[in-house]
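Heads up, the thing below is written out as structure tokens.
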Amino acid sequence: MRILIIAAGLFSDFYCLKSINTAFAVLLIFLILSCKKEDNPVIPEEPVSSWSEQNSNVTNNLKAVFFINSLTGYAAGNSFPNDTNKLIKTINGGSDWFRLPVNLNDSSSYNAILFIDDNTGFVAGSRGKINRTTNAGNTWFPSITNNQAFLYDIKRFDDNIYLACGTQGTMLRSTNGTLSWNTVHTGTAFSIYSISVNNTGSAFACGDAGTMLKTTD
């Protein structure tokens, strides 16, 4: 049996079709109606997100921020235009920031900052500089790295071991709480920008040209 389907008001999207098999015609009508474009399609709403500007009280380029709790946080950045403005701190959740004293005349820029408790923290940056504070940022002490690489990140691997990474495949490792550092072989000459330590005793580092590294020690 064959049936002739002709465009009608009910099926306004249909054009005249040739005489076709009945079963095929029913299936075709079902498919067309199922795929028929909605006159007023529902567009899902994007989740609302908003940011408000905070007064950092400095004009230096800031490159890293770290909060140890909901109120206390630190930020670090370039030494230009003023070397005394590269470390700042907030104690009211970021509403206000004040400059931290920089007692080291190293003119280094800082790219990474890490605190492990209320008092002990570290900054890492240009010319292989890694500095440490044990009094909540009031004074800083240099670590011995014997390296001139531009450092991008610093992480704590365990209670004693710390890792820092930087340009040209640089990976530094400290086993005495950052007092001194040794350069470890990574097998790459590409810059390494970030380190992540998981809770299974492993650490990963990534960098240029798809570089991905892993260590368990």
Both in Å, the radius of gyration and Dmax of the C-alpha trace of the stretch 63-217 are 15.0, 44
Can you flag which of Lys86/Lys214; Lys63/Lys214; Lys89/Lys129 are past 23 Å Cα-Cα? Lys86/Lys214; Lys63/Lys214
With θ set to phi - 60° and the Karplus curve 6.51 cos²θ - 1.76 cosθ + 1.60, what are the ³J(HN,Hα) couplings of the stretch 58-69 in order, to the nearest whole Hz, using x for Gly and Pro? 9, 10, 5, 6, 8, 10, 8, 9, 8, 10, 8, 7
HN-Hα J in Hz across the stretch 82-89 - Karplus 6.51, -1.76, 1.60, θ = phi - 60°, x for Gly and Pro: 9, 5, 7, 9, 8, 10, 9, 9
Can you work out the Karplus-derived ³J(HN,Hα) for every residue in the stretch 123-138? Use 6.51 cos²θ - 1.76 cosθ + 1.60 with θ = phi - 60°, whole Hz, and x for glycine or proline. 10, 9, x, 6, 6, x, 7, 10, 10, 10, 10, 10, 9, 6, x, 6
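Every read-out reported here was derived from the displayed coordinates using simple, explicitly stated rules and does not represent laboratory data. Small disclaimer: the values here were computed from a predicted structure and weren't measured.
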